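These notes are about the structure you will find just below.
The values are calculated or read from the model by the stated rules, or taken from the named source; none is laboratory data. Given the structure is predicted, the values throughout are model-derived calculations rather than measurements. Every residue, glycine among them, receives a Cβ derived from its backbone with ideal geometry; neighbour counts consider all protein chains shown. Surface accessibility is based on the protein's heavy atoms, side chains included, excluding ligands, DNA and RNA. Shrake-Rupley method; radii C 1.70, N 1.55, O 1.52, S 1.80 Å.
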Amino acid sequence: MSRPVSSRATTVSALLIITSLLAWSAKEAESAGRMRSWSIMQDGTPFLKYYVQAGLTAAYLGELIPPLNSTQSTFGQTKLFAFNVTEGEDATSRLLGSMRGYTVQASATPDYHSVEVEVLEYNDGSLNGTISLQGIVTVGKTNEIAVVGGTGDFRGIRGYAVISFISSSDTLALYYHELFVY
Ligand SMILES: *[C@@H]1O[C@H](CO)[C@@H](O)[C@H](O)[C@H]1NC(C)=O
Ligand SMILES: *[C@@H]1O[C@H](CO)[C@@H](O)[C@H](O)[C@H]1NC(C)=O
Ligand SMILES: *[C@@H]1O[C@H](CO)[C@@H](O)[C@H](O)[C@H]1NC(C)=O
């Protein structure tokens, strides 16, 4: 479970990219009339962190499209989900919003590589809007996916999200998301 952006070279190039993007993102936020102090990656502080309560029952997660050939593999299997987003690990902790989206199993070999597209609806009383996330996720690993945009207070947002698996039961899987934005 190694954290991304750990090598020195990556950090240096990330810093260069951030520096060149800072002017752009400030301008973008200003033009939206919502200047925000989006935290910068190099200090290691996530801009947002929250827990995703992945309910594993049909009310929250279901197969939208079956595998192309289920005797061969799960390739093509598409699952639709709608999960609660909370401030703490406990499912009854403060509700910050929801995470809705789908995953498409995109590997014909037994290793699971799925394309995940999801939208965070977030409102903590101070920041309110949606954030779009997408990337490749694999089971049993800490995944990094892209923050590709947003609405409301998150207009023009860009960066990446680190998704860590915390625990699971028969009915619920818990994930921790840390968003790092430019
Ligand atoms: C999501 O939150 C609603 C409202 O608080 C609750 O009824 C539901 O059980 C929660 N779902 C999960 C999977 O925690
Ligand atoms: C599904 O895969 C099996 C096993 O490889 C194969 O025998 C079968 O022809 C495939 N079915 C279709 C519809 O392609
Ligand atoms: C949050 O943003 C949505 C979409 O812009 C808006 O409809 C809603 O009224 C906002 N909620 C609060 C509490 O500001």
- Query: Exactly one of (1) among the hydroxyl-bearing types (Ser, Thr, Tyr); (2) within 23 Å of residue 171 (Cα to Cα); (3) more than 16 Å from ligand 2 (Cβ to nearest atom) is unmet by residue 126. Its number?
  - Reply: (2)
- Item | Filter result (in a strand (DSSP E or B), open to solvent by 30 Å² or more (accessible area, probe 1.4 Å) and either within 16 Å of ligand 3 (Cβ to nearest atom) or under 13 Å from residue 121 (Cα atoms) (or both)) within region 65-95 | 82, 84, 95
- Task: Consider residue 55 carefully, then state whether it is in contact with an Asp or Glu (Cβ under 9 Å, 6 or more places away or on another chain), surrounded by 15 or more Cβ atoms within 10 Å (Cβ to Cβ) and modelled with pLDDT of 95 or more.
- Result: no
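Checking the condition open to solvent by less than 20 Å² (accessible area, probe 1.4 Å) and of a type in the set (A, V, I, L, M), which residue from 179, 172 passes?
Exactly one of 179, 172 is open to solvent by less than 20 Å² (accessible area, probe 1.4 Å) and of a type in the set (A, V, I, L, M), namely 179.
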- Query: Looking only at region 58-90, which residues are within 16 Å of ligand 1 (Cβ to nearest atom) and either at pLDDT below 95 or of a type in the set (Val, Ile, Thr) (or both)?
  - Reply: 58, 59, 85, 86
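Let's see how each residue does on (1) over 17 Å from residue 51 (Cβ atoms); (2) in contact with a Lys or Arg (Cβ under 8 Å, 6 or more places away or on another chain):
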{"position": "138", "(1), (2)": "yes, no"}
{"position": "141", "(1), (2)": "yes, no"}
{"position": "145", "(1), (2)": "no, no"}
{"position": "154", "(1), (2)": "yes, no"}
{"position": "162", "(1), (2)": "no, yes"}
{"position": "170", "(1), (2)": "yes, no"}
{"position": "178", "(1), (2)": "no, yes"}
{"position": "181", "(1), (2)": "yes, yes"}
- Task: Inspect all residues belonging to region 103-120 and state whether any of them is modelled with pLDDT under 95, hydroxyl-bearing (Ser, Thr, Tyr) and touching a Phe, Trp or Tyr at 6+ places or on another chain (Cβ under 7 Å).
- Result: yes
- Query: Where residues in region 128-156 are at pLDDT below 95 and touching a helix residue (DSSP H, G or I) at 6+ places or on another chain (Cβ under 8 Å), which of them is surrounded by the fewest Cβ atoms within 10 Å (Cβ to Cβ)?
  - Reply: 155
